[in-house]
1. Quick check on my filter: what residues within segment 205-237 are over 17 Å from I192 (Cβ atoms) and surrounded by fewer than 15 Cβ atoms within 10 Å (Cβ to Cβ)?
2. Determine which single condition S7 fails, assuming it passes every other condition in (1) assigned to a helix (DSSP H, G or I); (2) modelled with pLDDT of 60 or more.
3. Pick from segment 142-165 the residues that are in a helix (DSSP H, G or I) and in contact with a helix residue (DSSP H, G or I) (Cβ under 7 Å, 6 or more places away or on another chain): which of them is nearest to N246 (Cα to Cα)?
4. List the pairs whose first member sits in segment 28-48 and is farther than 13 Å from A301 by Cα and modelled with pLDDT of 75 or more, whose second member is outside any helix (DSSP H, G or I) and small (G, A, S), and whose Cβ atoms are under 8 Å apart, counting only residues at least 6 apart or on separate chains?
Amino acid sequence: MRVRPPSFSGERYHGMSWSERAARLVIRVLNNLVNWVLLIAVMVLIAYGCYGIWDSITLAKAATVEQYEQYKPMPDGGPSFQELQALNPETVAWLQVYGTNIDYPVLQADNNWKYINHNALCEYSLTGSIFMDYQNSADFSDFNTILYGHNMTPKVMFGNIKDFKQQSFFNSHLYGDLYYGGQHHGLEFFAILSVDAYDFEVYSPQIVDAKTKQEYLENLLAVSTYTREIGVSTDDKIVLLSTCSNEATNQRDILVGRVTDTVYHNDFEAEERIRSVAGIDAYDLNDIWNELPLWAWILIALALILVLSAVIFRSVRKRRKE
């Protein structure tokens, strides 16, 4: 008696030719293969998405204000800031924007590339640093000084600049502090604008003559999203805080303030102290979720589509069997 191969036995193949049975077997193998491919793809996408979120949190922790808090210059002086300057002589100032997470040392190299990926201790870091345009004078004696920083989630480095594009936030956050030359100076913010990264009418440090200063100031106010009338003139010193925008690749958001001899009171100090103790808390994690980049949302959407497709496929296959 001839024995059938085990893989072709049973009622499922009763009355079928060998070619039909072979075709059915191939289909079954392919179905299983597709299931495994879908499962693996979903797992890879989920793992990659989780890695992206973990990486964002890790980078954010590396860029929090607590990393440099021991070097922050205090109102009554002290050696803290000088210690940082001894570790890195390219430290030129300390910048604080009241009511935000912007509270960092300011660096200046002989180019605008070094501190894109180096921290204040000159260590390689993707978070970079807040740094001054290499063409500006380190003592803020220029009419317009440009400071750069990454737009990071959850609102570390210059990640808070975009908040000033909301009028209520702009209207309620008026002041900051700028420490240089051994003393504190006030910052009074009067404009928020979004421009192209190659707009050289804005990105032009070291403006000297009075006529060009006036034209520069008028252009800033003309292209601003919101402005505040504080009587800025060409006799003042202004500082531009520039960062990348979430809205377009080459778009930059810029917060503009006037440097004053008056040191303003920080009305948000109590709130900032609580945030400082909490560190990366639930509010920050919500920020990470809300500000996930486009690629992360695409991965999440693809993962959900694949999971849904696998469920539907298995349901249809089960019905066909029944």
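The values are calculated or read from the model by the stated rules, or taken from the named source; none is laboratory data. For clarity, every value in this text was computed on a predicted model and none was experimentally measured. As a convention, Cβ positions derive from the backbone with ideal geometry for all residues, glycine included, and neighbour counts pool all protein chains shown.
1. Q206, V208, D209, A210, K211, T212, Q214, E215, G231, S233, D235
2. Among (1) assigned to a helix (DSSP H, G or I); (2) modelled with pLDDT of 60 or more, the lone unmet condition for S7 is (2).
3. For segment 142-165, the residue satisfying everything is D163.
4. none
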